[in-house]
């Protein structure tokens, strides 16, 4: 699974010009469905190929552009350890693929920019969290949703350097004891007066720094799991604003993934729902005061000016839905459509440190597909 933070999403959205393809599809965790996921990606690439041919792109150029996507079909590790969704971006700057813990729509877009809106729920505090598992030997990071936990693969990322806990340094102390009789005295070795806390605290400060960089721009709760001694030291080192005060006591190694998830979800559910509910209530309270808007043009302009504090947008708009009688293909136009403005408004809001909630219709604070609370 890959972590996507606000900076990553902004970077993708800023890549413009030339021809760019965005591919989204749901994936499954093993079993016969995995082969169907491969076929689904192959079909998505075929849709893009047909669109590029219709646009007059030479066959050789089409093949070169889609080749990184076709290589993914044979990438064993990708299909052996899938997440809930796969996003693939193909463009002049090189390919990028993301395995995400989110059930993505089946969608492919072709145009001069990437589409990022299907990934926006990953940034919201409305439904996901992290568990940082601390044990004597190692540190592990899990991504969680209401459905379950999944370990985050951190190879190649700065946090990976600090996943191994510092080794304890025992000190041997010698002391004399009188054995009695004519044998004189014997020397005994033992005792361990070494205090590991300063070393662990220093290590946890580095972990905290690397974790903050990894979660940059995301106000996502983090739950600690570990013995109370380690949790207490980590709280001293922590600077992440959403570290949950209560943690999961006990060794994570002795706790199953399902148990870890149940205990973590009980801690974070009130927080996750609370932030979103408070934002929705705030929107409704401010309606009629000039501090809210549901007009795409007005919201987009306000977001670019840094005036949007909180943005709600629907994740179940029509172009995300796929039907058996229609190809899941969207051709982007030079002039932004109302749908494009949802993407643009979301990215602009994030760029100015606003909060974005990508939610289904039932959780929108307004009947419109876009709703914003303004800073002024």
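Read-outs: derived from the displayed coordinates by stated rules, not from any lab. Remember, it's a predicted structure, so these values are computed and weren't measured experimentally. Ideal geometry is used to build each Cβ from the backbone, glycine not excepted, and the neighbour counts take in all protein chains shown.
Nearest 500 deg cm²/dmol is fine: what mean residue ellipticity at 222 nm does the chain get from its DSSP H runs of n ≥ 4 alone, each adding -39,500 (n - 2.57), divided by its residue count?
-11500 deg cm²/dmol
Sorting 213, 2, 195 on the 10 Å Cβ count, fewest up front, what's the list?
Result, fewest neighbours first: 195, 213, 2.
Could you order the peptides 279-290, 300-311 from most to least packed, using the average number of other C-beta atoms within 10 Å per residue?
Details: 279-290: 14.2, 300-311: 20.8.
The most tightly packed comes first, giving 300-311, 279-290.
What ranking of 83, 251 emerges when the number of other C-beta atoms within 10 Å of each C-beta is taken as an exposure proxy, fewest first?
So the ranking, lowest neighbour count to highest, is 251, 83.
With a/c under 1.5 counting as rounded, go ahead and sort segment 44-116 into rounded, prolate or oblate using the C-alpha gyration tensor (a ≥ b ≥ c being the square roots of the eigenvalues; past the cut-off, prolate if a/b is larger than b/c, else oblate). The partial results should precede the final answer.
Details: a/c = 2.15, a/b = 1.61, b/c = 1.34.
In terms of gyration-tensor shape, prolate.
For the chain, what is the percent of antiparallel DSSP beta bridges, rounded to the nearest 5? Write out the running numbers ahead of the final one.
Values: 41 of 56 bridges.
Beta bridges within the chain, antiparallel portion: roughly 75 percent.
Do you know the relative contact order of the chain, to the nearest whole percent, from alpha carbon pairs under 8 angstrom that are 6+ apart?
Computed over the chain, the figure is 19 percent.
Using alpha carbon centroids, what distance separates segment 35-75 and segment 91-125, in Å?
With segment 35-75 and segment 91-125 each reduced to a Cα centre, they are spaced 16 Å.
Can you put 230, 73 in order of Cβ neighbours within 10 angstrom, beginning with the fewest?
73, 230
From Cα pairs below 8 angstrom and at least 6 apart in sequence, can you work out the relative contact order of segment 11-118, rounded to a whole percent?
With pairs under 8 Å counted, the relative contact order is 49 percent.
Rounded to the nearest 5, what % of DSSP beta bridges with both residues in segment 242-376 are antiparallel?
Around 60 percent antiparallel, to the nearest 5.
Looking at the chain from every direction and averaging, what is the projected area of its Cα convex hull in nm²? Don't skip to the end; give the middle numbers.
On the way: hull surface 99.1 nm².
That works out to 24.8 nm².
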